[in-house]
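Written out below as structure tokens is the structure these notes cover.
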Amino acid sequence: MSQEIAVIGSPDFTTGFRLAGVQTFENVPDDEKDDALDDAVERVLDNENVGIIVMYDDDLDHLSRGTRKAVETSVEPTLVTLGGGAGSGDLRGQIKRAIGIDLMEEDD
Amino acid sequence: MAEDVKPTRKNLMAIEDRIELSERGHDTLEQKRDGLIMEFMDILDQAQDVRNDLNEDYETAQRKLNMARAMEGDVAVRGAAAALKEHPEITIQSKNIMGVVVPQIESSKVKKSLDERGYGLLGSSARIDEAADAYEELLETIILAAEVETAMKKMLTEIETTKRRVNALEFKLLPDLYTNQEYIEQKLEEQEREEIFRMKKIKEKKEEAEAEEAAAAEAAAEAADADADAVAVDE
């Protein structure tokens, strides 16, 4: 079954992806993120046609704890964040927990 | 708890079987954990490269989009974005790495030619095309990142589970089994010592009884001999 890529974020963030043909998107203006981002993410998570969710890394801070955990740990659809440092979501923390050391430590 | 186990030979044999099985399982799980970590390290290198590409592609795409916005106006860019007909599709297949099913993502219609974009050649500019190109390239890197990072997430979950199982066997199950084995062995040895002591006591008593019987018989025989001698003297 073929799936789609979904983009969630401010209209400025999603426009570029729409230019590349992404049709599943959720526009959440910056001033509404605290209230509306949770619902947007949950809608996309429930959409079976979505295989990859693209979000801006800082936007994850606007999510409630439960939704953030759900989207970060979701495998289908999987989350890819842009603008962050090391890996999407809590990948770095997960590596630290599983392996015991911070393998994604950035060289400053 | 050792006190909950009945100190019988049957239980000891059952515990020895469980120890053997648990030790074998512990070794196998340790090997699996080490193998998974090695596979994970390979993917990690790949993931770090993809992450760097992703950040670079995102910066480039953003720069080109900002340029298009500045030159053509926000409305023109949004208009072009809304006109797109073909959308990128992904097909997720799976492959197996040491028992962990990881995805293999195939994509189609990500890179499009000018006429496939649908906003028309006259209605747009080279800057919008460049921005669209850059975002298409970014999408390809995102798909690769999704594949690699999902594989990492799945492997990390499996490593954590395997580690927990190894630790449970090493620090809980096996020590409990060893304690129970030691407890039963001690109890059985104690029972054996008691049994030997009891047998010894019985043997001693039996010997005493036999000695008494023999002494009584000897005394009776002596008395009979003495009587016979006395009768012979009288005659």
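Please treat every number below as a calculation from the coordinates, not as lab data. Being a predicted model, the structure only gives us computed values, none of them experimental. Using ideal geometry, Cβ is built from the backbone for each residue, glycine included, and neighbour counts are taken over all protein chains shown.
In whole Å, what three semi-axes, largest first, describe the equivalent ellipsoid of chain A built from its Cα gyration tensor (square root of 5 times each eigenvalue)?
Working: eigenvalues 113, 49, 41 Å².
They are 24, 16, 14 Å, listed from largest to smallest.
Give me D for the protein assembly as shown in µm² s⁻¹, whole number, from Stokes-Einstein with Rh from the Kirkwood sum over alpha-carbon pairs, 20 °C and 1.002 mPa s. Walk me through the intermediate numbers first.
Numbers: Rh = 25.9 Å.
In µm²/s, the coefficient rounds to 83.
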Problem set entry | Relative contact order computed over the stretch B:24-162 (Cα-Cα under 8 Å; 6+ residues apart), in percent | 37 percent
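Using only helices, what value at 222 nm comes out for the protein assembly as shown when you add -39,500 (n - 2.57) per DSSP H run of length 4 or more and divide by the total residues, to the nearest 500 deg cm²/dmol?
Counting only the DSSP helices, I get -23000 deg cm²/dmol.
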Problem set entry | the stretch B:24-162: Lys pairs at Cα distance under 23 angstrom, eight or more positions apart or on different chains | 12
Problem set entry | Label point distance in nm, B:Met41-B:Glu56, each placed 7 Å from Cα along Cα→Cβ | 2.6 nm
For this session: Decide, for chain B, between rounded, prolate and oblate: order the square roots of the alpha carbon gyration tensor eigenvalues as a ≥ b ≥ c, take rounded if a/c falls under 1.5, and otherwise choose prolate if a/b is larger than b/c, else oblate.
Result: prolate
For this session: Could you tell me which of B:Val148, B:Ala126, B:Ile184 has its Cα farthest along the dipole of the stretch B:93-222 towards the positive end, charges placed at Cβ (Lys, Arg +1; Asp, Glu -1), taken about the Cα centre?
Result: B:Ala126
Problem set entry | Inter-probe distance in nm under a simple model that places probes 7 Å from Cα toward Cβ, at A:Asp12 and B:Asp176 | 5.8 nm
Exercise. Karplus couplings for the stretch A:37-50 from phi (6.51 cos²θ - 1.76 cosθ + 1.60, θ = phi - 60°), rounded to Hz, Gly and Pro as x?
Worked result: 5, 4, 5, 4, 5, 5, 4, 5, 4, 6, 7, 5, 7, 8
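Which GluC sites (Glu not before Pro) in the stretch A:1-53 pass both tests, a DSSP loop state and at most 11 other beta-carbon atoms within 10 Å?
Details: sites: A:Glu4, A:Glu26, A:Glu32, A:Glu42, A:Glu48; in loops: A:Glu48.
Within the stretch A:1-53, the qualifying GluC sites (Glu not before Pro) (loop, at most 11 other Cβ atoms within 10 Å) are A:Glu48.
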For this session: Please list, in chain and number order, the residues 5+ apart from A:Gly9 or on another chain whose amide H is under 5 Å from its amide H, with Hs placed from the backbone.
Result: A:Glu26, A:Val28
Seminar exercise, completed: Listed by chain and number, the residues whose amide H is under 5 Å from that of A:Val50, excluding neighbours fewer than 5 places away on the same chain and using placed H, are A:Glu4
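Please grab the % of Cα pairs in the stretch B:24-162 that end up more than 19 Å from each other.
Values: 5859 of 9591 pairs.
For the stretch B:24-162, the fraction of Cα-Cα distances above 19 Å is 61 percent.
Work out the length of the dipole vector of the stretch B:15-68 about its Cα centre, built from +1 on the beta-carbon of each Lys and Arg and -1 on the beta-carbon of each Asp and Glu, and round it to the nearest 20 debye. The partial results should precede the final answer.
Numbers: 7 positive and 15 negative charges, 91 e Å.
Computed about the Cα centre, the dipole is about 440 debye.
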Problem set entry | DSSP beta bridge pairing in chain A, given as percent antiparallel to the nearest 5 | 0 percent
For this session: Please list the non-local residues whose amide H lies under 5 Å from the amide H of B:Ile97, H modeled 1.01 Å from N, same-chain partners needing a gap of 5 or more.
Result: B:Val102
For this session: For chain B, with a Gaussian network of springs between Cα atoms less than 10 Å apart, report the residue from B:Glu149, B:Glu30, B:Glu130 with the top mean-square fluctuation.
Result: B:Glu130
